[in-house]
1. Looking at (1) under 17 Å from the mean Cα position of the chain (by Cα); (2) surrounded by 17 or more Cβ atoms within 10 Å (Cβ to Cβ); (3) of a type outside the set (D, E, K, R); (4) farther than 19 Å from ALA146 by Cα, which one does SER11 not meet, given that it meets all the others?
2. Given the structure, is SER74 open to solvent by 50 Å² or more (accessible area, probe 1.4 Å), among the hydroxyl-bearing types (Ser, Thr, Tyr) and in a helix (DSSP H, G or I)?
3. Considering region 14-59 alone, what residues qualify as being over 22 Å from ASP78 (Cβ atoms), assigned to a helix (DSSP H, G or I), open to solvent by less than 70 Å² (accessible area, probe 1.4 Å) and more than 11 Å from the ligand (Cβ to nearest atom)?
4. Of the conditions (1) part of a loop (DSSP other than H, G, I, E, B); (2) open to solvent by 40 Å² or more (accessible area, probe 1.4 Å); (3) within 15 Å of the ligand (Cβ to nearest atom), ARG83 clears all except one; give me its number.
5. Can you report the number of residues in region 1-13 which are near the ligand (Cβ under 10 Å from one of its atoms) and in a loop (DSSP other than H, G, I, E, B)?
6. Does region 166-181 include one or more residues that are surrounded by fewer than 19 Cβ atoms within 10 Å (Cβ to Cβ) and more than 16 Å from the ligand (Cβ to nearest atom)?
7. Within region 151-165, restricting attention to residues that are more than 15 Å from the ligand (Cβ to nearest atom) and not β-branched (Val, Ile, Thr), which residue is most open to solvent (accessible area, probe 1.4 Å)?
8. Can you name every one of the strands (runs of 3 or more DSSP E) wholly within region 90-178 that holds 2 or more residues which are small (Gly, Ala, Ser), at pLDDT 95 or above and over 14 Å from the mean Cα position of the chain (by Cα)?
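The values are calculated or read from the model by the stated rules, or taken from the named source; none is laboratory data. What you see is a predicted model; the values in this text were computed from it and never measured. Ideal geometry is used to build each Cβ from the backbone, glycine not excepted, and the neighbour counts take in all protein chains shown. We work out accessible area using only protein heavy atoms, side chains counted, and drop any ligands, DNA or RNA first. Shrake-Rupley method; radii C 1.70, N 1.55, O 1.52, S 1.80 Å.
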Amino acid sequence: MKNIVILISGSGSNMAAIVRAAQRDNWRKTLGAQVSAVISNRADAGGLGLAREALIATEVVDHKAYATREAFDSALADAIDRRQPSLVVLAGFMRILTPAFVARFEGRLVNIHPSLLPAFPGLHTHQRAIDAGCKVAGATVHRVTAELDHGPILAQAAVPVLAGDTAELLAARVLTQEHLIYSRVIAQLLQNS
Ligand code: GRF
């Protein structure tokens, strides 16, 4: 069985969409794959409850318990490795990863970012797209490299920016597309692995 480990920090709606797709399309049978664990760096991440409801193993590796970024990443990598993952999925995981971590999971690490990369890496992407006068915005699924929000693009989805949009309205419109493209890319990667 190919194991998928999903890393979250917050509400976990992308994680939940992936779990729903895995159930709906019976990934165990069709892809020989399963979401085997959801790991959060925050104990109060809302997504942990959703994962538990779906009967998926959860784990918290609290970054505040480690003195350095390297120490946290090493503990996180050990927790991930215990699940022997074929794929490590960053889904709203809000920590910058060290080059050592990225190297350890090279070829198995993917992220979703709420902009049409290479535009707007980093935070506050929706407000920045509105402020720049963009007519389209969107989301990007990409392989993770040591440089933040870079790495080969696997899929993108675009949505219109509408007159009167706020960052919240645009974020919600983008998020519905994130939920569609992320599980699709993951299924494709598992099929080819
Ligand atoms: C998503 O917009 C994702 O692209 C970004 O953070 C948000 C996480 O949302 N990295 P959720 O936790 O999946 O609901």
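1. Against the list (1) under 17 Å from the mean Cα position of the chain (by Cα); (2) surrounded by 17 or more Cβ atoms within 10 Å (Cβ to Cβ); (3) of a type outside the set (D, E, K, R); (4) farther than 19 Å from ALA146 by Cα, SER11 comes up short only on (2).
2. Values: open to solvent by 50 Å² or more (accessible area, probe 1.4 Å): yes; among the hydroxyl-bearing types (Ser, Thr, Tyr): yes; in a helix (DSSP H, G or I): yes.
Considered against the rule, which asks whether it is open to solvent by 50 Å² or more (accessible area, probe 1.4 Å), among the hydroxyl-bearing types (Ser, Thr, Tyr) and in a helix (DSSP H, G or I), SER74 comes out as yes.
3. Listed by number, the residues that qualify are VAL19, ALA21, ALA22, TRP27, GLY49.
4. (3)
5. Let us first name the residues in region 1-13 that are near the ligand (Cβ under 10 Å from one of its atoms), namely 6, 8-13.
In the following step, the residues that additionally are in a loop (DSSP other than H, G, I, E, B) were identified as 9-12.
Within region 1-13, residues that are near the ligand (Cβ under 10 Å from one of its atoms) and in a loop (DSSP other than H, G, I, E, B) number 4.
6. No, region 166-181 has no match at all.
7. At the first step, the residues of region 151-165 found to be more than 15 Å from the ligand (Cβ to nearest atom) are 152, 160-165.
After this cut, where a residue has to be not β-branched (Val, Ile, Thr) as well, the list is 152, 160, 162-165.
Details: PRO152: 76, PRO160: 69, LEU162: 88, ALA163: 108, GLY164: 69, ASP165: 22 Å².
Filtering region 151-165 for residues that are more than 15 Å from the ligand (Cβ to nearest atom) and not β-branched (Val, Ile, Thr), the one most open to solvent (accessible area, probe 1.4 Å) comes out as ALA163.
8. Numbers: elements: 109-113, 136-143, 153-160.
The qualifying strands (runs of 3 or more DSSP E) are 136-143, 153-160.
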